[in-house]
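First the structure, in the form of structure tokens, and then the observations on it.
The values are calculated or read from the model by the stated rules, or taken from the named source; none is laboratory data. The structure displayed is predicted, hence computed values, not measured ones. Reconstructed Cβ throughout: ideal geometry from the backbone, glycine too, with neighbour counts over all protein chains shown. Accessible surface is based on the protein model in full, side chains and every heavy atom, while ligands, DNA and RNA are left aside. Shrake-Rupley method; radii C 1.70, N 1.55, O 1.52, S 1.80 Å.
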Amino acid sequence: MTVAVLAHSRCLPEGDAPRMPDTAAWFDPAQWLGRRGHRHLPLPAQLALAASRGLAPTQVAGEEHGLWLGSASAAQHCLHALDTRILHDGAGSIGPMSAPYFSVNLVPSRTAQELGTTAGAMTVTTPDTAALDALVSAARAVALGRVRLATAVAVETGHDPVLSTATASSAPAGPCSGAPEFGAAALRLGRGGGREDSPDDVRPGHRIGLQWASGFVHADPGEAVARILRRLRSTGPVAVYGPGAPSEHPSARPGAGLAAFVAVTRAVTSHDPLTVVLAGRRGGATAVTVVPAGPQR
Amino acid sequence: MKPALARVAGVGAVCHAGATTQELWAGMVAAAPRPAEVLDPKMDAPVRLIYLAAGADTETDRSVEGTRPAEGRAHALARAACEQALAGSTTPSDRDRVGLVVGSCMGNSTEAERVRTGLTGAPPPQWDLYGLGPALAADLQVEGPVLNVANACAAGAYAVGLGADLIESGECDQVVVLGVESYSRVALACFNQMGALDTQRCRPFAQDRDGTVFGEGAGALVLERLPEDGPAAGDVVLASARFSCDAGHPTAPDREGVQAARALHGALADAQLDPAQVGLVVPHGTGTQLNDVVEADLFAQLWPDHGPGPAAYSAKALLGHTGGGAGALAAVVAVECLRRGEVPANCDVGDLMPGMGPFMRRGRHDLRGAALVNAYAFGGNNATLTFRVAS
């Protein structure tokens, strides 16, 4: 199955360095979102909103437009803050504006509201691979005709400090380790055919296709990557991200879910064919191939 | 042949009413739920009621019966439900054609909160807040796509629909789909702060309902690709799955229920079902004020004369509101009713809100026709599933 990439956007520091930022110090909500209407939103919701605002407005009706948000860390961010508050100051200290955010699917809520995506709003939280899983899930919905247009957003906001300390012994070292990432990126997908929006920086008359595969291999993380590539029949350039990728893999790149998602957006921009693999530490891997397509019909 | 997305090859459940689908059915017939107070010493909010899962360790709030050493509470519930569901099905030899979709709002929060409280040290190696998918994939030897979806209280129903997508896209021949939730201090505290909890019990569609009451549980279904010549007579099939989003208020449903109605009508249309052909609705009905009003209005719109209206069976009145597990457990309830051809009496919730009396029946009755499951959630997330018996 193949779908078309129509637009992309990134909420990252200026400079577009290949390594994702490991703090949110660079993110000034007022600069990205204006001065009003976002202060009660937690950081992951602000980042998702900022990334989605970088996409051009669409004329496609909301009932044909769905939103997919992928994040392996947004819930950790929100739940850590709420539980810490409960433990220190009691349950009664939680404010009415922050209480709903125990539910991670509130993170895309404001974005869904702004985009008017009444076809659906999905929140994907698969460990390590959520960013590409959301993108693939959105692409699948487009390909199956569930929606005409899909906006996929990846947002990452670091780890729960208590839990990440507790599980530190299981975190692999190396360039693909699960280092914290802070930022967001968005892609807009459609079926092609010329009725949807035109992306700003995709060559006029051309569209970028996406293909995908996803799977789970229990024996060896390296085998998971190899098997996913076989499933995709990928023969072009490959970039492997995520804590499950073997650091000695020739295509290993620094970073995890956000880096992988951003790599897809960069390939879309440059029109370079590329297969991006995101490997989780427990054997799961999801891959997306960016296929520069011919002129649209 | 009427359309269908997948064959339901098996179901499993662990919940307040019992640790198997047989026990769930017996609990539905007995209709005698017993919510209790949570024992979490750090839970200081006023309303502490919960419908604990059957076999729960009530001394520590820590584990459920059959929990393995490296498992958390939600993991144990989910694994047991999945193993039941798979017991009656044949796993394809090509395991990378088997997928897994987990719906859960809070994931492994029970264990995360115990770590934060200092009640336990490090969680098991490679543990993750949403590690249920990878952990269950290892348990069940799933080698196809594995996905965690966290669409709050509709997550279980979304898992069912997304699982069907994996089959329709050609990526899988069999998908295990489930919804699961275990106790979470954070969720209970936040619902307290929102004033959304009932102090007595979960009373969906009751005239004097006062909020919901959480429950623990997991519901699982095994979906399989339909044979080329269609399902066998007597098979239960997932006929349709539709989603929508209010894209409005973060927590309150749209009072007019426009998008919820769109999901419902879309699901009926996809399944080529006339409202009169629906014999059972397992509603979302939580016992919160506005949710139940919106859903009752949908009943009134679809079946204005109540006849031939379907029965509404409230799973939450028996199991509590199992959050991300609710949509999947409701689907299991619907499938069991279809297989047995009957709907047990609802748990007594007191006087019903106007218009719901003809639907929320107090006695058991035979089931004729299809079953419909609604699931709604924070974020304006709506889902409707339909199931029927193939003829």
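Things worth noting here:
- Counted over the protein assembly as shown, the DSSP beta bridges are approximately 70% antiparallel.
- Rel. contact order, % - alpha carbon contacts under 8 angstrom, at least six apart, chain A: 25 percent
- Cβ-defined net charge surrounding A:L69, 14 Å radius [Lys, Arg +1; Asp, Glu -1]: -1
- Per residue, the convex hull spanned by the Cα atoms of chain A amounts to 129 cubic angstrom.
- log₁₀ of I(q)/I(0) at q = 0.11, 0.19 Å⁻¹ - region A:28-156, Debye sum with one point per alpha carbon: -0.40, -1.05
- Region B:88-184: trypsin sites (Lys or Arg not before Pro) in DSSP coil with no more than 15 other Cβ atoms inside 10 Å: none
- Comparing region B:66-180 with the 2.2 N^0.38 Å rule of thumb, its C-alpha radius of gyration ratio is 1.07 (two decimals).
- For chain B, the alpha-carbon coordinates run over 55, 53, 40 Å along the three principal axes, in decreasing order.
- Candidates B:R362, B:R203, B:R255, ranked by Gaussian network fluctuation over chain B, Cα under 10 Å, top entry: B:R255
- Scanning residues 5 or more positions from B:N381 or on other chains, those with amide H under 5 Å from its amide H are B:D246, with H placed 1.01 Å from N in the peptide plane.
- Rounded D (µm²/s) - region B:192-345, Kirkwood Rh over Cα pairs, Stokes-Einstein at 37 °C, 0.692 mPa s: 195 µm²/s
- Inter-part distance where region A:232-249 and region A:115-163 are each reduced to a Cα centre, Å: 21 Å
- From phi via Karplus (6.51, -1.76, 1.60), per-residue ³J(HN,Hα) for region B:161-173 in Hz, x at Gly/Pro: x, 5, x, 4, 4, 5, 6, 5, 6, x, 7, 9, 9
- Rounded to 0.05, the FRET efficiency of the B:V29 and B:A87 pair, given R0 = 30 Å and the Cβ-Cβ distance, is 0.85.
- Kirkwood hydrodynamic radius (C-alpha pairs) into Stokes-Einstein, region A:225-297, 10 °C and 1.306 mPa s, D in µm²/s: 128 µm²/s
- Here the contact order of region B:132-230, divided by its residue count and restricted to Cα pairs under 8 Å and six or more residues apart, works out to 27 percent.
- Of the residues A:E156, A:E181, A:E14, the one that moves most in a GNM of chain A with alpha-carbon contacts below 10 Å is A:E14.
- Scattering curve values for region B:139-226, log₁₀ I(q)/I(0), Debye with Cα scatterers, q = 0.19 Å⁻¹: -0.89
- Near B:V282, the amide H atoms lying under 5 Å from its own belong to B:Y313, B:L372, B:V373, B:N374; only residues 5 or more places off or on other chains count, and H is placed 1.01 Å from N.
- Surface accessible to a 1.4 Å probe, B:V142 within the full protein complex, Å²: 0 Å²
- Volume per residue of the convex hull around the Cα atoms, evaluated for the protein assembly as shown, comes out as 137 Å³.
- Calculated from backbone phi, Karplus (6.51, -1.76, 1.60) coupling profile of region A:100-113 in Hz, x at Gly/Pro: x, 7, 5, 9, 5, 6, 7, 4, x, 4, 5, 4, 4, 5
- Structure remark: mean-square fluctuation, Gaussian network model of chain A, C-alpha springs under 10 Å; the largest value among A:H218, A:H65, A:H88 belongs to A:H88.
- If R0 equals 35 Å, the separation of the Cβ atoms of B:Q272 and B:D94 corresponds to a calculated FRET efficiency of about 0.65.
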